[in-house]
Amino acid sequence: MSENDKYRIKQLSIFSENRPNRLGAVAKVLKEGKINILGFSIAEGAGYGVIRVLVDNPVTARDLLTKEGFVVKFTEVLAIQMQDTPGGLFDLTDQMKDINIEYGYGYRSPPYAVLIVRVEDIEKGIESLLAGGLRLLDNVNFH
Amino acid sequence: MDVWNPHIERLPKAQLEALQLRLLKMQTRRMWELSPFYHERMRSAGVMPGDIKTLVDAKRLPFMTKKDLRDGYPNKLMMRDRGNLLRYHASSGTTGKATIVGYTKNDLENWSESLARAMTSFGLGKNDVIQVANTYGLFSGGLGFHYATEKLGATVIPASTGNTDRQLDLICDLEVTAMAATPSYLMYLGEVAEKRGIDIRKDTKLRYGLLGGEPWSDKMRDRIYEKMGIRGINCFGASELSGPMFMECAEQDGIHFWGDLALLEIVDPDTGEPLEPGQKGEMVVTMLQKEAFPIMRYRMGDITSIMEEPCPCGRAHPRITRIQGRVDDMIIIRGINVFPSQVEHSLMQHSELGNEFQLVVDRKGHLDTMLVRAELKPEAFTDNIIELNALRERISNRLKNVLNVSAKVELVQPGTLPRFEGKAKRVMDRREY
């Protein structure tokens, strides 16, 4: 157990086949479980999609979705805090040059903004980002 | 109207049946003497060549099925005199392994003879230019028509499949009068012609379509005629019988099965008991003169009936109605036979997939499409889209290799495909013929 493990944020990755209103079905389960969605993106595959969601209670959310027949996996991502001002993203990128990002998405969380990234080597990513002076949200604060 | 082989084609029914009996006796004796496979089959069924005294005795002979062909791969069912073998063809088998068929010189002659009679019977002759747009190669549909056209003395254009623009150029420039193809391909060709501003009726001499290889209907025949002024001639065959073999005469009312080449029976698909003429059942064929790869009471899996009334064309050779379905779950996609078991077998090679699958067959424009839906196992799911796409690609490539026809693959959530108690219905065929 490393000190840095707290920065590993549990994202839900949900397989979504090509049928109408799959997103609605996911949202309904989360609503009924009183789960709050913090961040969210949809990735498009070939004839299917992957819904990626950050929630306040990932374990409960996973269990509820699995019970409803969804295929759900946890994926560890990093949540980087950034300034909610022009240049906020640019200020981060300088510290992220050496990190291989697989995908990312962002959301506003006043007074800050948050960049979510999935990196190739998460341990190295955490070390590198912290060393660059960036602020990572930990899973206690986050969830 | 000309007759290719008046002696045989004009035989009265009684004489034709006498000839059939003579040939059946000879053929069963050859099989008994030259083929360990058939010898053993007949012995197990308790029938000897000498037991065949009338045509009705044919029903004492054992049936054979596609499974026998599969189990006999590659040449257990061929006759022993291998030196006389001139050619092989193959069709895709149900487990990915091809079914191999062989031909002697006489087999190739009889095959061409059968089609030459048929082509003559609806009016083709040596002045015709026939474009063969069936696949040339292991598939028997291309070369079968090719040699038959040469035997007929007509001009053959070995166009094979694909390159529709070039096919159209050839039709226009070489004054093609008949084309062998699948009905859906002919319809597609019509569309391409329309887009290019070619009116098949006015700008070409194409008048006949020798059509088969997939199910089609009289409705489609009417559409082909209305659109292009082409008379669609229904053709029946299978590689087990040699290839495309039998067609309609100018009356266009049933397909003539040349009685000297094939003995036709219709049986109850469940009991195997022979049915009366006019009753619908499974087609069973015994080839009476085949040498390299004889076929005894082969269950075709096709549902049809024998038409009893004499044909106005004067031929007493039996006719069958249009194929009305299958006894098994075989489907034909772009002229290629596909068994759901082949799809299942191929999907099972991927540990990422569950056991359920669904096959959705559709027709976009005039071309068949096949969609295979398979359940992704929860443990195989990954957040990595690239990996999932690669998996889909692997599944699709394997299917294409096994089926010889491309299939779109859709990964679905486990538990969402229909489950079946009893016989699974995994095929959704949405095509209208």
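Laboratory data are not the source of any read-out in this text; all were calculated from the coordinates shown. All figures in this text were calculated on a predicted structure; none of them were measured in a lab. Because the Cβ atoms are built from the backbone with ideal geometry, glycine has one as well, and the counts that use them run over all protein chains shown.
Using the Kirkwood radius over Cα pairs, work out the Stokes-Einstein diffusion coefficient for the range B:132-195 at 20 °C and 1.002 mPa s, in µm²/s as a whole number. It would help to have the intermediate numbers written out before the result.
Working: Rh = 12.0 Å.
Diffusion coefficient, whole number: 178 µm²/s.
Please compute the length gained on full extension between B:Lys67 and B:Arg394, using 0.36 nm multiplied by the number of residues separating them and subtracting their Cα-Cα distance. Stretched fully, the B:Lys67-B:Arg394 segment lengthens by 114.9 nm. Between the beta carbons of B:Val327 and B:Met348, assuming R0 = 35 Å, the FRET efficiency works out to 0.90 to the nearest 0.05.
Please report, largest first and rounded to whole Å, the three semi-axes of the ellipsoid equivalent to the range B:157-245, where each semi-axis is the square root of five times an eigenvalue of the C-alpha gyration tensor. Don't jump to the answer; show the numbers that get you there.
Numbers: eigenvalues 93, 46, 24 Å².
Over the Cα atoms of the range B:157-245, the semi-axes work out to 22, 15, 11 Å.
Could you work out the mean count of beta carbons from other protein chains within 10 Å of each residue's beta carbon in B:383-393? Walk me through the intermediate numbers first.
Working: counts 16, 8, 9, 2, 1, 7, 4, 1, 2, 4, 1.
If you average over the peptide's residues, the count of other-chain Cβ atoms is 5.
Just counting partner chain Cβ atoms within 10 Å, what average do the residues of peptide A:75-88 show around their Cβ? Working shown, then result.
Values: counts 3, 1, 1, 0, 0, 0, 0, 0, 0, 0, 0, 0, 0, 0.
So the per-residue partner count for this stretch is 0.
Stretched out straight at 0.36 nm per residue, the stretch from B:Leu55 to B:Glu308 would grow longer than its current Cα-Cα span by 89.4 nm. Close amide H contacts of B:Asp429 (hydrogens built in the peptide plane, cut-off under 5 Å, sequence separation of 5 or more or a different chain): B:Val361.
Can you classify the range B:66-199 as rounded, prolate or oblate using the Cα gyration tensor, where a ≥ b ≥ c are the square roots of its eigenvalues, rounded means a/c under 1.5, and otherwise it's prolate if a/b beats b/c and oblate if not? Let's see the in-between values first.
Details: a/c = 3.01, a/b = 1.65, b/c = 1.82.
Here the range B:66-199 falls in the oblate category.
Arrange B:Asp302, A:Asp56 by Cβ neighbour counts within 10 Å, fewest through most, would you?
Values: B:Asp302 21, A:Asp56 13.
The order, fewest Cβ neighbours first, is A:Asp56, B:Asp302.
Phi angles of the range B:303-317 translate, via the Karplus equation with coefficients 6.51, -1.76, 1.60 and θ = phi - 60°, into HN-Hα couplings of 9, 7, 9, 8, 8, 7, 4, x, 6, x, 6, x, 8, 8, 5 Hz per residue; Gly and Pro are given as x.
Does the protein assembly as shown classify as rounded, prolate or oblate by the C-alpha gyration tensor (a ≥ b ≥ c root eigenvalues; a/c under 1.5 gives rounded; else a/b over b/c gives prolate, otherwise oblate)?
Values: a/c = 3.15, a/b = 2.28, b/c = 1.38.
Since a/c reaches 1.5 and a/b is larger than b/c, the shape of the protein assembly as shown is classed as prolate.
Computed from phi, the 3J(HN,Hα) profile of the range B:346-351 under the Karplus parametrisation 6.51, -1.76, 1.60 (θ = phi - 60°) reads 5, 5, 5, 6, 9, 5 Hz, with x in place of Gly and Pro. When you work out D = kT/(6 pi eta Rh) for the range B:1-116 at 20 °C and 1.002 mPa s, using the Kirkwood radius from C-alpha pairs as Rh and the Stokes-Einstein form, the result is 131 µm²/s. Quick check: the distance between the Cα centres of the range B:366-397 and the range B:22-43, to the nearest angstrom? If we compute the Cα centre of each part, the gap is 49 Å.
Scale the Cα Rg of the range B:1-328 by the rule-of-thumb value 2.2 N^0.38 Å and send over the ratio, two decimals.
Values: Rg = 19.8 Å, N = 328, 2.2 N^0.38 = 19.9 Å.
That works out to 0.99 for the range B:1-328.
Positive-end ranking of B:Gln15, B:Ile333, B:Thr182 along the dipole of chain B, with charges on Cβ about the Cα centre, is headed by B:Gln15.
Any idea what log10 I(q)/I(0) is at q = 0.24, 0.28 Å⁻¹ for the range A:1-58, Debye with uniform C-alpha scatterers and no solvent? Debye output, listed in q order: -0.98, -1.17. Annotation: the antiparallel percentage among DSSP beta bridges lying fully within the protein assembly as shown is about 75.
Packing, taken as the mean count of other beta carbons within 10 Å per residue, orders the peptides B:409-415, B:427-433 from highest to lowest as B:409-415, B:427-433. Relative to the Cα centre, the charge distribution of the protein assembly as shown, modelled as +1 at Lys and Arg Cβ and -1 at Asp and Glu Cβ, gives a dipole magnitude of about 1020 debye. As a check on your grasp of the helix formula, calculate [θ] at 222 nm for chain B: sum -39500 (n - 2.57) over DSSP H runs of n ≥ 4, divide by the residue count, round to the nearest 500. Result for chain B: -9500 deg cm²/dmol, rounded to the nearest 500.
The distance separating the Cα centre of the range B:132-174 from that of the range A:24-85 comes to 57 Å.
Sort B:Met78, B:Met48 by Cβ crowding within 10 Å, fewest neighbours at the top.
Working: B:Met78 21, B:Met48 13.
Going from sparsest to densest Cβ surroundings: B:Met48, B:Met78.
Can you give the mean number of other chain Cβ atoms that lie within 10 Å of the Cβ atoms in peptide B:401-412? Present the calculation step by step, with values, prior to reporting the outcome.
On the way: counts 0, 0, 0, 0, 0, 0, 0, 2, 2, 5, 7, 7.
The mean count of partner-chain Cβ atoms within 10 Å per residue comes to 2.
Going from the fewest other Cβ atoms within 10 Å to the most, the residues A:Glu123, B:Glu356 appear in the order A:Glu123, B:Glu356. Peptides A:129-139, A:91-101 ranked from most to least packed give A:129-139, A:91-101, packing being the mean of other C-beta atoms within 10 angstrom over each peptide's residues.
For the range A:8-75, the antiparallel share of DSSP beta bridges with both residues in that region comes to about 100%. 3J(HN,Hα) along the range B:114-122, derived from phi through the Karplus expression 6.51 cos²θ - 1.76 cosθ + 1.60 where θ = phi - 60°, amounts to 4, 6, 5, 4, 5, 5, 5, 5, 10 Hz, with x in place of Gly and Pro.
Classified by the C-alpha gyration tensor, the range B:333-429 has an oblate form. Its axis ratio a/c, with a ≥ b ≥ c, is 1.5 or above, and a/b does not exceed b/c. Distant-in-sequence amide contacts of B:Leu353, defined by a placed amide H-H separation under 5 Å and a gap of 5 or more residues or a different chain, comprise B:Lys377. Counting Lys and Arg as +1 and Asp and Glu as -1 over every other residue whose Cβ lies under 13 Å from the Cβ of B:Gly232, the net charge comes to +2. A crude spin-label estimate for the pair A:Asp121 and A:Arg19, with each label 7 Å from Cα along the Cβ direction, gives 4.2 nm. Placing +1 on each Lys and Arg Cβ and -1 on each Asp and Glu Cβ, with no other charges, gives chain B a dipole about its Cα centre of roughly 580 debye. Charging the Cβ of each Asp and Glu at -1 and of each Lys and Arg at +1, and nothing else, the dipole of the range A:78-142 about its Cα centre rounds to 220 debye.
Regarding the range A:78-142, what's the average projected area of the Cα-atom convex hull, expressed in nm²? It would help to have the intermediate numbers written out before the result.
Details: hull surface 16.6 nm².
If I average the Cα hull's projected area over directions, I get 4.2 nm².
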